[in-house]
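Step one of this worksheet: look at the structure below.
The values are calculated or read from the model by the stated rules, or taken from the named source; none is laboratory data. The model shown is predicted, which means the values in this text are computed figures rather than measured ones. Because the Cβ atoms are built from the backbone with ideal geometry, glycine has one as well, and the counts that use them run over all protein chains shown.
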Amino acid sequence: MKTRLEMKDGVAHLLLDDPDKKVNTLGGEMVEEISSRLDELAGDGGVKAVVIRSPKPTGFLAGADIDELKSIALSPQAEEGGTRASRRGQALMDKVEDFPKPVVAAVHGPCLGGGLELALAAQARVAGDDPSTRLGLPELKLGILPGFGGTYRLPRLVGLVGAMEAILASKTFEARQALKRGLVDEVAAVEQLPGVAGRLALSLLQPSARGRLLGRRHAALPLGQRLMGAPGLKSLAVAKARKQVVSRTGTHYPAPLEFLELLSSRLGSPRAAHLDAEARALGRLLATPVAANLIRLFFLGQDAKRQVKGAKGARVERAGIIGSGFMGSAIAIPLADKAGLPVALKDTSESVLGRALKKGWDFESGRARRRQVSRLEAERRFHLFSPSLGWEGFSRVDVAIEAVPEILDLKRSIMAEAEAAMRPDAVIASNTSTLPITSLAEGARHPERIVGMHFFSPAERMPLVEVIPGGKSSPQALATVVDLALRMGKTPVVVADRPGFLVNRILFPYLLESLLMLEEGIPVARVDKAAVDFGMPLGPVKLIAEVGVEVTVKAGHVMLKAFGDHLAAPRLMERPDFAQAFAKGPDGKARVNPAMISQWVGKPDPGIPDRDIQDRLFVAMILEGLRCLKEGIVAEAGMLDLAMVFGTGFPPFRGGLMREADRLGAPALLQRCRELAAQYGPRFQPLPELEEKAQNGGRFCQA
């Protein structure tokens, strides 16, 4: 049984507690069981009210059963299966909403997707006052929309604009944020949830109490949303949101547009008509390749947690940052903010430490200003930082992350000092994008505890961390930093200790190809537009400006030295004034000067087809990805795809680099490589692995 009942003072507590899962999910069996329990309680004269809650410490309901969604999305009848699943869930929510006795949802931990839709159907909600409590409808991240009545009930609770903001951005809210938005009615300590929810449920037997509750919810809505009652204003709000979605993501993602169309066509409709449209929309979305790709990426993210087999990482209670400049200070933020760890900040400059502290405070105070955390909580997290010019405090840290400049001798020297200051069993991780971990560990007293953690800029926001074992790194050290990355809210991908590791190894053929096209006279705008049209967040030339010319040139030379047998070197990179075309503006933002580049090149646009520009960029990446798989740089194609999506912004709707290769198909890709090689150079020559796949009909990804 996935549920059980407890009675207290006339209140039936319907406990959601799936014994087979660490976290409850709302799969078909759970839906049917909750429905049967409600039928039983409806006819029990001793039951005055119902509280739905979970005794699991991991939380209420994490959402729909993602395994079931994946099974539906991959089936030939995905649309029909998705519509049926939606209607089954909707029927349960209708039963909760129409229940003849008051129903209160008492939530703590994750209350997401179908879990929140269940809570929305109740007459009231109480949230546990704990950092783990998160409420939201993040279905658009999976390429679908809320399908258990969420598109109907959330706008009626928090207003049309509030619902659109929450669903389109896949926002999740902590307990007190949810209270301010009217998403929940009360907040209580987690241990007091059953009692508070029970008393609230009994109070709702009185019409006056129900009236006061409705009044508080109305008052919680911003004035503008309270006035958003006229159909014309509602239509205007939806139209504005649609324009913003298209501007931000184009039409690559059908789910947000389906959601807005549903709101537009069903505004003010009766419940049955709205839910029918919602079910059909969910079915259509589950049948799209975008949903299949995004669901696959979700599962790959889960697989990333299990990359180190046969070793258990040490529990990290304290962390250190060695070198608190631009990258070090950014890495420190998620250590304190997400992992909740005390962080020792070390640098040789007081001014650098001062800037690091300011960066940490700006981040936390910004979260408080946006009401993501309380002011008190922001101050608590900020005070986890302890700056020092020496090694004070490093004798107690479990992991230290070194983030000094990319100079081999400097990093080795710093690591030697760190080893002298730290416990022999503490892990030292180097944040490096170019230097071999094995070389960094040479001469170390304990090379087994030295690993690589390559963060991507801006490190406080970018989700990927490449974890690199050196030649003597222990499995336990590797497992320790994988676990730490997860606690920091990052996605770790374990990669081999080779030049460029994985992401930069694949990214640089793309960047170098863009410079080669500029040398041919193709304008910057055409090159960048081809990439953006493909779905990249910005074009390769703009990316060079964002990363910085100095970093690009230095890393580019490393890549050319290691892989010059198949990479072509752009002459532009060798110009002493190359950086001038990428100078930052007065606001500090990177700028590209196309006119200067055109003047250097001195050639007109050769007018090659847009398709060739796009294919040259992305076929170059695919070929490098195949080389990485052959060399064992990454364990399998799924982890490669995850790294490219989270590390470079490769379009998630395409599912990743190797998933895109499968979409093209090996025979078509082989033919395209031959065409590009004949016209643009031998770097596009197809690899034997590609020819083999084309002959035997093989795929690059397992699923």
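Descriptive notes on the structure:
- Some residue of the range 384-400 being out of contact with any Cys (no Cβ under 7 Å at 6 or more places or on another chain), part of a helix (DSSP H, G or I) and surrounded by fewer than 19 Cβ atoms within 10 Å (Cβ to Cβ): no
- Selection within the range 97-108 - surrounded by fewer than 24 Cβ atoms within 10 Å (Cβ to Cβ) and part of a loop (DSSP other than H, G, I, E, B): ASP98, PHE99, PRO100, LYS101, PRO102
Listed here are the residues, each with its yes/no results for (1) touching a helix residue (DSSP H, G or I) at 6+ places or on another chain (Cβ under 7 Å); (2) under 22 Å from ARG487 (Cα atoms).
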residue	(1), (2)
GLU278	yes, no
ALA281	yes, no
THR288	yes, no
ALA292	yes, no
ARG306	no, yes
GLY310	yes, yes
ARG315	no, yes
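- Filter pass, ALA568 being in contact (Cβ under 8 Å) with a residue 24 or more places away in the chain and not in a helix (DSSP H, G or I): yes
- Test for GLY521: is it modelled with pLDDT under 95 and surrounded by fewer than 24 Cβ atoms within 10 Å (Cβ to Cβ): no
- Among (1) crowded, with 24+ Cβ neighbours inside 10 Å; (2) within 22 Å of LEU205 (Cβ to Cβ); (3) of a type in the set (S, T, N, Q), the one test that GLN123 misses: (1)
- Number of positions in the range 251-278 that are among the small types (Gly, Ala, Ser), over 15 Å from LEU140 (Cα atoms) and in contact (Cβ under 8 Å) with a residue 12 or more places away in the chain: 4
- Single residue of the range 164-174 satisfying the filter (crowded, with 20+ Cβ neighbours inside 10 Å and without any contact (Cβ under 8 Å) to a residue 60 or more places away in the chain) that is nearest to ARG242 (Cα to Cα): ALA166
- Flag for THR434 being in a helix (DSSP H, G or I) and either at pLDDT 95 or above or more than 30 Å from PRO604 (Cβ to Cβ) (or both): no
- Candidates GLY649, GLY632, GLY638, GLY665, filtered to the one that is of a type in the set (Gly, Ala, Ser) and touching a Pro at 6+ places or on another chain (Cβ under 9 Å): GLY649
- Helices (runs of 4 or more DSSP H) within the range 135-220 that include 2 or more residues under 20 Å from LEU61 (Cα atoms): 150-158, 160-168, 175-180, 193-203
- Residue within the range 449-457 that is more than 19 Å from the chain's Cα centre (by Cα) and part of a helix (DSSP H, G or I) present: yes
- Helices (runs of 4 or more DSSP H) wholly inside the range 629-703 containing at least 1 residues that are under 24 Å from ILE608 (Cα atoms): 657-664, 666-680
- Residue match in the range 86-94 (condition: at pLDDT 95 or above, over 26 Å from the mean Cα position of the chain (by Cα) and more than 29 Å from LEU205 (Cα to Cα)): yes
- Restricting the range 525-565 to residues that are in a loop (DSSP other than H, G, I, E, B) and modelled with pLDDT of 95 or more leaves a set whose member that is farthest from PHE646 (Cα to Cα) is GLY539.
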